[in-house]
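The values are calculated or read from the model by the stated rules, or taken from the named source; none is laboratory data. Note that this is a predicted model, so its numbers are computed, not measured. Reconstructed Cβ throughout: ideal geometry from the backbone, glycine too, with neighbour counts over all protein chains shown. Remember, those area values only see protein heavy atoms, side chains included, never the ligands or the DNA or RNA. Shrake-Rupley method; radii C 1.70, N 1.55, O 1.52, S 1.80 Å.
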Amino acid sequence: MVKESRVDVLIIGAGPSGLMCANALAGAGVDFRIIDNRPIGVPAGQADGIQPRTIEVLQSYGLAEPLLKDGAQMHLCVRTSASRSFHILSSNIDTCAGILQPRTQWRHRTYWPGCRRNGSNSPLSIQGMFCYLASSYLLNVFLQITIAQSTIEALFIDSLKSQGVAVDRPIVPSSLEISEDAEELLNPSSYPVKVVLDHMLPSDTAPEQEIVHAKFVVGADGAHSWVRKTLGFSMDGEQSDYIWGVIDFIPDTDFPDIRNRCAIHSSNGSCMIIPREGDKVRFYLQMSDKDVMDPVTGRIDKAKVTAERLIDVARKTFYPYTVNEPKEVDWCSIYIIGQRVASKFSAKDRVFIAGDACHTHSPKAGQGMNASMNDTHNLGWKLAQVLRGRADISLLKTYELERQKYAQDLIDFDREFSALFSGKPRTSDNEEGVSHEQFLTAFQASGGFSSGIGVHYMPSAIVDTTHQACAPSIIIGQRMLPQIFVRVADARPVEIHDMLPSDTRFKLLVFVGLLTSEQLGKVGRLAEELQLPTSFLQKYDHPAEGKAQSMFDIIPIAAGNKDDVNYLDIPPPFRTHWSKVLIDDTDVTGRLGGGAYERFGIDPKEVTMVVVRPDGYVGMIAPSTAVESIDKYFGSFLIVRQEKP
Ligand SMILES: Cc1cc2nc3c(=O)[nH]c(=O)nc-3n(C[C@H](O)[C@H](O)[C@H](O)COP(=O)(O)OP(=O)(O)OC[C@H]3O[C@@H](n4cnc5c(N)ncnc54)[C@H](O)[C@@H]3O)c2cc1C
């Protein structure tokens, strides 16, 4: 007898994207299983860069603290070419104007010795400017963090464990069928996906089979995705000619910028230095064909890429600095850049692919793991709301719509960035080479993209730009801008992102303005309107099922001076808890907060509502006079609550 089971969501693959999905579903109380073909998780190596937006996302699940504590933080980014060195100095990025506005700082610091030998008389400046960074709450500092992929995976696995969930392994799927019955496919309570799983047993024993009937399946099974191939989706794009060696080790070198993220561009090849947790460092080294090819077969010979070989290549790139034989090598590998996107991200809105299964790109911009986790961050809340019967199944179409476009943009960006990074530097002998200005322009232009902060979802059922003019700097379709406000009741400063957890609820930020008696009248009338049975707040919420299952969280934000505002003036429907009434003012030190109305372009004499989706992206904005447009927005994907007879 073959064992049969049912589950709401089956996740295939427990890498970063599968684990993020599992974590989101566990938090939402969804019935799911996660399986992986490997007996244990990834032990070392692979991805290591955590971008600013991903830190925010992890923070929204309460998972970022260990990264901030243990990861290597990158505050300085350096580009060094054979002729001169450029320090790209990180500082705060002011994201509040709606676009990234690096606060540029330039400074002189060091010289690349090779240059003087080449006879240049010009003073060689090292010029600092922005780097990418991310919000670290309250400080509003922006950072990129590096840490081993295994640590990220462990973070999720521990979180799942605390919720009573473990990865089932080693298990391999051997067949997947989706029902053709249109009625069954439209019914979110049905189990239209049948997957046969082979439980791998100790050698010499045939695997034990299990048939799983699932409502939804998420294929997060990596670049060689079995799920993708089974669905017949193609990977469109190219394999580039760039071959990179990667090595994680504790270096022994006199290169002064070894603890900074550094791009070295030399005629002997390029290298990217990524400082890592503890004393570790990662090198990405550009390899020539002769370094890696078998001269007989003309194919890549992985056996040639040893740690010794990679250090040898590094030595040439670093000359005249030295790189000595390392005492400790953690991991090394070879990486060929394939820039591809899957032709589809979902089959019949029942089986989805995520992460490397649907996009692959170079590691240079450090996007792989980030894009992968953000795919399932996008999908998780949608699955949860459909499974709860709160959202129409058509909501799931927005997953492919939003993430496939993002993946394509990522590949386009990566193609340009990798070519610049892998090309030879411009010199008097090589005028076609990559100039410093070209590199810097591309680096600057890509800041919002590579940090993840500039991800912008296009108009759809869940992105409505009709009333963008009410808050021109809060870009609808992008993540909510970070901002410190002050709690009216106890004057404590709070970062708004800390009030936007990924808990499947929509957050309604009500900018109530300057609380004059006239304005209080407007706010009161809006509160009354939202209490009507026809309003979205009443039609789509499920108060009887408790806070964890509720659909909305309301955060009123006043303008003005904290000393003049009484939080009890806010009408009760908007004042769900004393800690949720905020004011756009500075804290008692006068250093934190203030200026948001002006920065966001919100009129303090009007009442403006900002709808933030459960994944932290702004879904719509509306003035108090356009409640019907918010009703319409939610009506396009939420299901009206049916009163129990
Ligand atoms: C060898 C290697 C080196 C890499 N080096 C770098 C690097 O230097 N820098 C960088 O930024 N990125 C690197 N990456 C890419 C980075 O690891 C990925 O972008 C990131 O892990 C994507 O996460 P994911 O969850 O989508 O896929 P993965 O991390 O690949 O996870 C997929 C999971 O699915 C499991 N799986 C696969 N097939 C099946 C199956 N049939 N059934 C069940 N489970 C299955 C796998 O065991 C794995 O746990 C590397 C990847 C690999 C494989």
**OP:** Tell me the label-point distance for the pair HIS577, SER636, using the 7 Å Cα-to-Cβ offset, in nm and rounded to one decimal.
**Re:** 3.1 nm
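To the nearest 20 debye, what charge dipole does the stretch 468-635 have about its Cα centre, counting +1 at the Cβ of each Lys and Arg and -1 at the Cβ of each Asp and Glu?
Numbers: 17 positive and 22 negative charges, 53 e Å.
Dipole of the stretch 468-635, to the nearest 20 debye: 260 debye.
Once the Cα gyration tensor of the stretch 549-596 is found, what semi-axes does its equivalent ellipsoid get, as square roots of 5 times the eigenvalues, in whole Å, sorted largest first?
Value: 22, 13, 8 Å, ordered largest first.
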Original post:
In Å, what is the Rg of the alpha-carbon atoms in the stretch 491-571, and how long is Dmax?
Top reply: 14.2, 37
**OP:** Given the peptides 180-192, 577-589, arrange them by the average over their residues of other C-beta atoms within 10 Å, most packed first.
**Re:** 577-589, 180-192
Original post:
How much solvent-accessible surface does LYS405 expose, in Å² to the nearest 10, with a 1.4 Å probe and all protein chains in place?
Top reply: 90 Å²
**OP:** Could you pull the Rg and Dmax for the stretch 468-635, using just the Cα atoms, both in Å?
**Re:** 14.8, 44
Original post:
How about LYS316: which lysines have a C-alpha closer than 29 Å to its C-alpha, ignoring those fewer than 8 places off in the same chain?
Top reply: LYS280, LYS290, LYS302, LYS304, LYS327, LYS364, LYS424
Subject >> Candidate residues ASP279, ASP204, ASP31: accessible-area rank, largest first, probe 1.4 Å >> reply: ASP204, ASP279, ASP31
Original post:
Using 1/(1 + (r/R0)^6) with R0 = 56 angstrom and r between the beta carbons of ASP204 and GLU598, what's the FRET efficiency to the nearest 0.05?
Top reply: 0.20
**OP:** Would you mind checking the pairs LYS161/LYS539; LYS69/LYS161; LYS348/LYS547; LYS344/LYS547; LYS382/LYS605 and listing those with alpha carbons more than 29 angstrom apart?
**Re:** LYS161/LYS539; LYS348/LYS547; LYS344/LYS547; LYS382/LYS605
**OP:** With both partners inside the stretch 468-635, how many of the DSSP beta bridges are antiparallel, as a percent to the nearest 5?
**Re:** 60 percent
Subject >> Candidates per GluC sites (Glu not before Pro) in the stretch 555-645, loop by DSSP, up to 14 other Cβ within 10 Å >> reply: GLU643
Subject >> Probe 1.4 Å, all protein chains present, accessible-area order of TYR567, TYR406, largest first >> reply: TYR567, TYR406
Original post:
Among HIS456, LEU520, HIS467, which residue has its Cα positioned farthest towards the positive end of the charge dipole of the stretch 441-561, with +1 placed on the Cβ of Lys and Arg, -1 on the Cβ of Asp and Glu, and the dipole taken about the Cα centre?
Top reply: HIS456
